[in-house]
Amino acid sequence: MVTSRSIIDLLVSVPFLAFPVVGALIASRRPHNAIGWICLAVGFLWMLLGLFDFYSVYGLAKPGSVPFPVVIYALVEWLWLPTVGLLAIYLVLLFPDGRLPSRRWRPLAWLSGAVIVLLGVDSVLAPGPLTDLEGVRNPFGLEGAPWLVDAEIVLLLLFVACILASAVSLILRYRHSGGEVRQQIKWIALAGLFVGLLLSTVLGLIIVSEVMRGSGGPTPLWLQGLLFVMLLSFAGVPVAIGVAVLKYRLYDIDVVINRALVYGSLTATLVLVYVASVASLQAALRALTGQESTLAIVASTLAIAALFSPLRRRVQSFVDRRFYRRKYDAVKTLAAFNARLRDETELETLSGEVVGVVKETMQPAHVGLWLREPQARERRFS
């Protein structure tokens, strides 16, 4: 029998299938880069954790069907630690070239490994019920050592601190690097930011939905679909890692960020306008006719369709001015030069303007312009 928990576990596992695929691709082309091997290990450990989890649940649901379900679950319950540690600590710490930013970060790498090992041992020996096994107690738990539970909390806090420190290392690497490395870090930062924003949005909607419909009742279908999209969006993280490390279309990240800013803002604005329009028109129709009508929805939809193009142009212009100022200024300069070019006939003036436009838009160290005349003589303007 398929339960809702089984479906959720399956959905959570789908994005992690991208990790071994991307890891195998990176490892085959960049065998000396640890990022590929980390992705392979993350995918393998996650699948192994899911396999033993289902094994134990199945063994408890059908006693005698498989041997030692509780023992195996207790022995592998800690597997989530190296999985999360490799992904959230070591992958971030070593990204994108598979090496530490500097020798100063070696203590963090060793500390993280020690915390993962100690926390794994503590989780195996800590007394108490096992997670997700309906109150079954840990067969390896030391009942005479309750302090292991408190030690587990302290180690968990250290584990979170190591994750935050690795994130700081990536930020510092971005600030102290340039060119190619910055573009690589932008890819993984964009993927992480997208997943984080989508996760926070879904969690907020779940909380609002729970408050509005009370503690009982099924989860709305639209919210289930949004949760499914959020889970699948996590596959974008390994994809972004593969693009960054293999440097495939690396410099397209600025275009992706630009489009994400434009269409994200545009979508949010149109949704707010649509909801406000429908609500206000429905209120007006109720006041006039005493009942609601689909006319409000039709009129709001037509208004959104009419607003899409002009609003998109305005949002694009705002994003270019605010986040891509240098590119925006260069485009405006070239547009003004094209307008002058149609009316300018003096060669000396035109040559000086060409040099000035190149200096302003491209900002090179030196600019030179050579013009070949019919008599095979050259003139230079700089």
query = Before we move on, is V70 aliphatic (A, V, I, L, M) and touching a Ser or Thr at 6+ places or on another chain (Cβ under 6 Å)?
reply = no
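Against the definition (of a type outside the set (G, A, S), at pLDDT 90 or above and open to solvent by 50 Å² or more (accessible area, probe 1.4 Å)), how does W37 come out, yes or no? Even if it seems obvious, please write down each step before you answer.
On the way: of a type outside the set (G, A, S): yes; at pLDDT 90 or above: yes; open to solvent by 50 Å² or more (accessible area, probe 1.4 Å): yes.
For W37, the condition - of a type outside the set (G, A, S), at pLDDT 90 or above and open to solvent by 50 Å² or more (accessible area, probe 1.4 Å) - is met.
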request  = List the number of the failed condition for P15; all other conditions in (1) at pLDDT 75 or above; (2) open to solvent by less than 30 Å² (accessible area, probe 1.4 Å) hold.
outcome  = (1)
remark   = The number of residues in the range 162-215 that are acidic (D, E) and modelled with pLDDT under 75 is 1
request  = Among the residues of the range 269-306, write down those that are over 30 Å from F318 (Cα atoms), open to solvent by 70 Å² or more (accessible area, probe 1.4 Å) and part of a helix (DSSP H, G or I).
outcome  = R286, A287, L288, T289, L295
ask   = Of the residues that make up the range 289-296, is at least one at pLDDT below 75 and within 30 Å of A27 (Cα to Cα)?
value = no
key: Number of positions in the range 161-184 that are crowded, with 19+ Cβ neighbours inside 10 Å and among the hydrophobic types (A, V, I, L, M, F, W, C)   = 2
message = So G59 ticks every box in (1) open to solvent by less than 20 Å² (accessible area, probe 1.4 Å); (2) at pLDDT 85 or above; (3) among the small types (G, A, S) but one. Which box is left unticked?
response = (2)
ask   = Taking into account only those residues within the range 133-160 that are modelled with pLDDT of 75 or more and open to solvent by less than 50 Å² (accessible area, probe 1.4 Å), which is farthest from G98 (Cα to Cα)?
value = A145
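The values are calculated or read from the model by the stated rules, or taken from the named source; none is laboratory data. Quick caveat: nothing in here was measured; it's all calculated off a predicted structure. All Cβ positions, even for glycine, are placed from backbone atoms using ideal geometry, and neighbour counts span all protein chains on display. Protein only, heavy atoms only, side chains kept; ligands, DNA and RNA dropped before computing areas. Shrake-Rupley method; radii C 1.70, N 1.55, O 1.52, S 1.80 Å.
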